[in-house]
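Everything on this sheet refers to the single structure shown next.
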Amino acid sequence: MVKAGQSENLEFKWGKKKGVGGKNKEVQFYESYSFDGVDYALYDSVYLYEEEEPEPFIGKLIKIWENANKTKRVKILWFFRPCEIQNYLGAEEVPENELFLASGEGVGLANVNPLEAIAGKCNVTCISKDERNPQPSDKELHMADFIFYRSFDVGQLKISDKINEKVAGIEGIVYFFFFCF
């Protein structure tokens with residue numbers, strides 16, 4: 001894993017600019033970047049590792065930016081592994097590769113990380129039967145590292161088969177076109 005501040009020897013390049021923000025328009029937002037030979041873009045699924053944790057965390061890139069002081073940041077919308085929400089699953093058996101999309105409001109939905117904390121990309125395929133979700137092909141399912149069709153509301157601590165119309169400030173219909181394949 002690359003830790004924040006240890007990226008000096010790795011190749012980095014910003015991709016397409018998205019806009020500027022901040023009080024003095026000092027923050028530059030991006031749609032993509034390349035890091036150590038891997039291209040990343042908004043809505044990619046990514047791994048983030050933390051020391052002392054046996055498994056990587058998994059999330060979606062929902063914002064990418066550089067601050068005026070040149071620090072690079074990403075906002076991550078999280079997925080939960082079944083073991084992380086076991087108390088809310090009860091005795092239900094779930095596939096080992098199933099994830100639950102964080103939803104609702106509160107701690108655990110999304111947070112900001114150093115861009116360098118991202119350790120790689122992964123393939124998370126949505127298998128929701130929602131009519132707005134294009135169903136994955138057998139090939140896409142075979143290539144998936146993980147699947148999901150349910151969400152976990154971090155505020156209400158509930159699992160749902162329904163995906164809210166708005167998740168972490170992203171409208172639902174956009175969600176199905178960008179997140180689910």
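The values are calculated or read from the model by the stated rules, or taken from the named source; none is laboratory data. Quantities reported herein were computed from a predicted structural model and do not represent experimental measurements. When we count neighbours, we look across all protein chains shown, and the Cβ atoms used for this are built from the backbone with ideal geometry, even at glycine.
Does Leu109 count as modelled with pLDDT of 95 or more and surrounded by 17 or more Cβ atoms within 10 Å (Cβ to Cβ)? Criteria not met by Leu109. For Ile170, the criteria (1) modelled with pLDDT under 90; (2) among the aliphatic types (A, V, I, L, M); (3) within 12 Å of Ile85 (Cβ to Cβ) hold in every case but one, which is (3). Within the stretch 91-119, residues that are closer than 14 Å to Gly155 by Cβ and touching a residue at least 40 places away in the same chain (Cβ under 8 Å) reach partners that are in a strand (DSSP E or B) and among the acidic types (Asp, Glu) with beta carbons closer than 6 Å, at six or more positions or on different chains, in the pairs Ser103/Asp153; Gly104/Asp153.
Inspect the stretch 81-99 for any residue being closer than 22 Å to Val46 by Cα, among the β-branched types (Val, Ile, Thr), touching a strand residue (DSSP E or B) at 6+ places or on another chain (Cβ under 6 Å) and part of a helix (DSSP H, G or I) and give the result as yes or no. Yes. Scanning the stretch 121-135 for residues being touching a residue at least 12 places away in the same chain (Cβ under 8 Å) and either surrounded by fewer than 18 Cβ atoms within 10 Å (Cβ to Cβ) or touching a Leu at 6+ places or on another chain (Cβ under 8 Å) (or both) gives a total of 10. Please find, among Leu89, Leu77, Leu99, the residue that is aliphatic (A, V, I, L, M) and closer than 17 Å to Asp145 by Cα. Matching residue, one of Leu89, Leu77, Leu99: Leu99. Would you confirm whether or not the stretch 82-94 contains a residue that is under 18 Å from Val124 (Cα atoms) and in contact with a Pro (Cβ under 7 Å, 6 or more places away or on another chain)? Yes, the stretch 82-94 contains at least one residue that is under 18 Å from Val124 (Cα atoms) and in contact with a Pro (Cβ under 7 Å, 6 or more places away or on another chain). In the stretch 30-79, of all residues being of a type outside the set (Asp, Glu), surrounded by 13 or more Cβ atoms within 10 Å (Cβ to Cβ) and not in a strand (DSSP E or B), the one that is modelled with the highest pLDDT corresponds to Thr71. Right, Lys139: at pLDDT 90 or above, within 17 Å of the chain's Cα centre (by Cα) and charged (D, E, K, R) or not? Spelling it out, it is not the case that Lys139 is at pLDDT 90 or above, within 17 Å of the chain's Cα centre (by Cα) and charged (D, E, K, R). Taking the stretch 141-155 only, how many residues are of a type in the set (Ser, Thr, Tyr) and either over 18 Å from Lys129 (Cα atoms) or in contact with a helix residue (DSSP H, G or I) (Cβ under 8 Å, 6 or more places away or on another chain) (or both)? So the answer is 0.
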